[in-house]
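The values are calculated or read from the model by the stated rules, or taken from the named source; none is laboratory data. Keep in mind the model is a prediction, meaning the values are calculated, not measured. Here Cβ is always computed from backbone atoms with ideal geometry, including for glycine, and neighbour counts include all displayed protein chains.
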Amino acid sequence: MKLKIFDYFDHCKPCLACCKNENLFLSEDEKIYFGNKEEKENCHNLLDDGKCKIHENRPIECRMYPLDIKRIDGELKWVVWESCPATPFVPEEVHESQMKEFESTLRDEWVSGYVQHHERNEPEKYSTMIFRVIRVFVPGHPVQNVVEP
């Protein structure tokens, strides 16, 4: 089940924080494809109406949101950002389907680079944003939900 983000756009549009991400991670391959965007630069693909002009071909980090991968107590975990106004409206089975798809397709070096990038560049942001742990991230091997209290 794919997340059809524009089904939730009315909830997203007042915020668009995910699309205004000033610290988007791009792998080396993505830098070649999307251009070498400066890390502190706003996304230049956000249109005035709040939609993305490259939505069908957007970077992986954009495809994952409001899901995220964080290192918690030494383990990679799937989290969902509760601060996203669309999160309450996205069914859990959509998140589960997305996590399984990403676990089967993301390369280890992308995940490693992604997690390190955000730990290095946004520690204060991550410490104050509200998220909910969904389960452990196991690349290529989807597992049952492991929810932390």
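Data overview
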{"item": "Subset of segment 85-105 (residues that are of a type in the set (Ser, Thr, Tyr) and surrounded by fewer than 19 Cβ atoms within 10 Å (Cβ to Cβ))", "result": "97, 104, 105"}
{"item": "Residue 26 modelled with pLDDT of 75 or more and within 25 Å of residue 107 (Cα to Cα)", "result": "yes"}
{"item": "Selection from segment 68-88 of residues that are more than 19 Å from residue 13 (Cβ to Cβ) and in contact (Cβ under 8 Å) with a residue 60 or more places away in the chain", "result": "68, 69, 70, 72, 75, 76, 77"}
{"item": "Subset of segment 45-84 (residues that are assigned to a loop (DSSP other than H, G, I, E, B) and surrounded by fewer than 18 Cβ atoms within 10 Å (Cβ to Cβ))", "result": "45, 47, 48, 49, 50, 51, 53, 54, 73, 74, 82, 83"}
{"item": "Some residue of segment 5-14 being at pLDDT 75 or above and either over 27 Å from residue 93 (Cα atoms) or in a loop (DSSP other than H, G, I, E, B) (or both)", "result": "no"}
{"item": "Answer from 36, 42, 21 - the residue that is at pLDDT below 75, loosely packed, with under 12 Cβ neighbours inside 10 Å, of a type outside the set (Gly, Ala, Ser) and within 25 Å of residue 119 (Cα to Cα)", "result": "36"}
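Residue by residue, here is whether (1) touching a residue at least 40 places away in the same chain (Cβ under 8 Å); (2) acidic (Asp, Glu); (3) over 19 Å from residue 132 (Cβ atoms) holds:
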| site | (1), (2), (3) |
| --- | --- |
| 25 | yes, no, yes |
| 35 | no, no, yes |
| 93 | yes, yes, no |
| 103 | no, yes, no |
